[in-house]
Each structure stands twice: as structure tokens, then as C-alpha cells.
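As C-alpha cells, the structure follows; a few thoughts come after it.
Just so you know, all these numbers are worked out from the coordinates, no wet-lab data involved. Everything quoted here is computed from the prediction, not taken from an experiment. FYI the Cβ positions are ideal-geometry reconstructions off the backbone, even for glycines, and counts take in every protein chain you see.
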Amino acid sequence: MKIDKNFILNRTNKKPILIDTFYSSNHSNQPIVIFCHGYKGFKDWGAWNIMAKRIADSGFCFIKFNFSHNGGTMENPIDFPDLEAFGNNNYTIELDDLNDVINWAQDQFKDHSNVDINKITLIGHSRGGGISILKTSEDSRINKLITLASVCEFGKRTTRMANMTEWKEKGVMYVENGRTKQQMPHYYQFYKNFKANEKRLHIESAMKQMTIPHLIIHGDKDTSVKIEEAYALHQWNPNSQLEIIKEANHVFNVKHPWEKEEVSIELNTVINKTVRFLR
């Protein structure tokens, strides 16, 4: 297994992106799998590294990255030392980041016999699921999609974040991070960006025009993103495959930090179903 951690993708007039790759030196033409973390997430959260190794061991080039404005830095990619960046994040920045990671992957492995740059699957968790759905609908390079505990809409979520009048007046609202206890800012630009790009950011429309294979995985004990959102995604694209994981919460019963070598029974089921779908 060849593992390269914390590659810095520098971009002109944009914040850099930190990327990890996992693939086998012994297999040829490994399809690319790109993982998108969720809201208040990061690429090294919990058991994502174990998941990456497991999927790579099954014959895939697994790539995960931190969205440029997730609040991490190049020096400290875990947790949120850069709250100013976090506050200036929005959905279109994340779509742009994902596009640049796909471009980077195709360029990085273009002369690499171990990797097939023409086979690309996106995996998105939570808000990253919504971003992955939107990206899939607008990018023909993506061949398959897997969403884990994905949201089904951004509209109500965006307006529910705060008292809209107060948010506009103050220009910022704060959300507490349950784990780090940081007060994480959201500047009003987040809402303005959503309204300016509302049509592009409509997940239902993206789902209804999807023609590639899509695996929807959701836990039946998810209190962060209700299981009804998975049913909605499946209803909008009946050709998708829906898998409900019994007794699984929003992060499939792992946590951060995750000190064990093995994952939870529920995340193990997710990984097995993911590998079967990819194959």
C-alpha cells in the first residue's frame, strides 16, 4: 500500500487544499474514489483513515482532502485553528474545491499505470454528500456516486441557521462545536452566496437528472440528518440503491479521536457495502 499524506495543492488566488492518497503499487488501473467530508469535518476525522485503507486494499485509489475553508490549516489539518476561513466558507467554494481535486487527481495519475483516471467515484458524508450529488450532476467525469448520511437539501438548512434579520444586521452568527467548544462563525455571505446560486444548489433537481449508479447509505439512528432525507433522495432517483444501516448514528458509531485498529460494526458494514458497489 502506498500512502501519501498531506500533499499541498497550491492554487492561484485561492486557499491551498490538503490531500491524502491511498493506492496499491501492485495493481494496475485502479479506479479513483474521492471522499468529501461534511460540515465541521476534516479528512482525518475519526476512522476515515481506516476506511480509506480498507477501500484502497480492495483495489481502488482512495483520495481524501480538506475543503479549503473547513477551518484547518496546512500546519494543523485537524480541528479548526482558522475560524476566519470557516466563516467565509460556502457551498460554491466547496464545489470549486472538489473540481480542483478531480483535476489534480487526473493530472497527478495521468501517466500512472496503477490508476485509471477515467473511472471516478465520489463519496460524500453529510453536507459532503450534498456537495457530491451537485458535483455529479454537473460533471460527466464522475461514473459512480456514494452518499453517506447525506443531506437532501440546502435551502431550509441555510435559513434555519439563525434569526435571518439578526444575521443580516450583525453580519455574523456563531455555532458551537460540540467537541472543541469553539464558537464557529458563519458570515452573512454564506446566505447571500446560497441565494445567488440557489438553482445550482438544488439537490432535488440534481438527483432527478442523475443517470449514473448511486448508492445511498444512512443509519436508522441518525439524529443529525434524519433518515427521511435518505428516503427523499431515493424517491427522486428510484434507480438509486438505498441501504439502511441498523443502529447506526450519523457517523456510523465511530467518533473522534478513534484509537482502535478496527472500526465499529456499523462502519464495517458501510465499508463492505461500499466496496461491493464499487466493484
A correct Stokes-Einstein calculation for the range 184-265, using the alpha-carbon Kirkwood radius, 10 °C and 1.306 mPa s, returns a whole-number D in µm² s⁻¹ of 104
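Kindly put GLU229, GLU198 in sequence by how many other C-beta atoms sit within 10 Å of each C-beta, fewest to most. All intermediate terms of the calculation are to be shown ahead of the outcome.
Details: GLU229 21, GLU198 12.
Least crowded to most crowded, the residues run GLU198, GLU229.
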Taking a straight Cα-to-Cα line shorter than 29 Å from LYS260, and setting aside same-chain lysines fewer than 8 residues away, one finds LYS2, LYS5, LYS40, LYS43, LYS53, LYS64, LYS181, LYS221, LYS226, LYS246, LYS273
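If each residue's Cβ is checked for other Cβ atoms within 10 Å, how do PHE65, PHE86 rank with the fewest at the top?
Numbers: PHE65 26, PHE86 22.
Listing PHE65, PHE86 from fewest to most nearby Cβ atoms yields PHE86, PHE65.
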Candidates ARG157, ARG141, ARG127; GNM for the chain (alpha-carbon contacts under 10 Å) flags as most fluctuating ARG157
Here, MET74 and SER28, labelled 7 Å along Cα→Cβ, have an inter-label distance in nm of 3.7
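How large is the dipole of the chain about the Cα centre if only Lys and Arg carry +1 and Asp and Glu carry -1, each at its Cβ, rounded to the nearest 20 debye? It would help to have the intermediate numbers written out before the result.
Numbers: 36 positive and 33 negative charges, 74 e Å.
For the chain, the charge dipole is close to 360 debye.
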In the chain, taking the dipole from +1 charges on Lys and Arg beta carbons and -1 charges on Asp and Glu beta carbons about the Cα centre, the listed residue (LEU201, GLY38, PHE80) farthest towards the positive end is LEU201
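Give me the percent of DSSP beta bridges within the chain that run antiparallel, rounded to the nearest 5. Could the numbers behind the result be given before it?
Numbers: 17 of 44 bridges.
So the antiparallel bridges amount to about 40 percent of the total.
Can you divide the C-alpha Rg of the chain by 2.2 N^0.38 Å and report the result to two decimal places?
Working: Rg = 17.8 Å, N = 279, 2.2 N^0.38 = 18.7 Å.
Here the Cα radius of gyration is 0.95 times the empirical estimate.
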Most fluctuating of MET164, MET207, MET51 in the GNM of the chain (C-alpha, under 10 Å) is MET164
The distance between the Cα centres of the range 227-279 and the range 108-123, in whole Å, is 24
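Among SER68, SER132, SER140, which comes first, second and so on when ranked by fewest other beta-carbon atoms within 10 Å? The partial results should precede the final answer.
Numbers: SER68 21, SER132 29, SER140 7.
In increasing order of surrounding Cβ atoms, one gets SER140, SER68, SER132.
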